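Participant: My questions will all concern the structure given below.
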Amino acid sequence: MPAATVAFVTTFHFSAALWQHPGEGSWYFISVPADISDDIAHLTAATRKGFGSVRVTAAVGSTVWQTSVFPDSKTGTYLLPVKKAVRTIEDLTPGDAVETRLELAEL
């Protein structure tokens, strides 16, 4: 009898709004949808880093970068930080719907 093969979805595609964290620092984020956040939490339960962060390769438009997503205890979702270089290259402003791809880096 052949061995069973299990494949995990490690790349996620979604659209979500870019938003700016209130206060100092001008941090900008995209909130990962709840269903995808649940999948990420399940798939990475054994490999999460400090603060529950998960290493990912993120893509917005033609821009691809290595970063981490971080759990947001208020919403129960993950947050993707979007640095200024990405916002500038992709001409993003708060409120824009952003087509996003996340690939889990460590499984």
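Participant: Sort out which residues of the stretch 12-41 are of a type in the set (S, T, N, Q) and either more than 15 Å from Leu102 (Cα to Cα) or surrounded by 12 or more Cβ atoms within 10 Å (Cβ to Cβ) (or both), and write them in order of number. Break it down stepwise before answering.
Facilitator: Here is the first cut: in the stretch 12-41, the residues of a type in the set (S, T, N, Q) are 15, 20, 26, 31, 37.
Across the stretch 12-41, the qualifying residues are Gln20, Ser26, Ser31, Ser37.
Participant: Out of Leu92, Leu80, report the one residue that is surrounded by 16 or more Cβ atoms within 10 Å (Cβ to Cβ) and more than 23 Å from Asp39 (Cα to Cα). Even if it seems obvious, please write down each step before you answer.
Facilitator: Values: Leu80 fails: more than 23 Å from Asp39 (Cα to Cα).
None of the other options fit; the residue is Leu92.
Participant: Touching a residue at least 40 places away in the same chain (Cβ under 8 Å), of a type in the set (Ser, Thr, Tyr) and in a loop (DSSP other than H, G, I, E, B), is that true of Thr57?
Facilitator: Here the answer is no, as Thr57 does not meet what is asked.
Bear in mind these aren't lab numbers, they're just calculated from the coordinates by the rules spelled out. Here the structure is a predicted model, which is why all the values come from computation and not from measurement. So basically every Cβ, Gly included, is an ideal-geometry build from the backbone, and we count neighbours across all protein chains shown.
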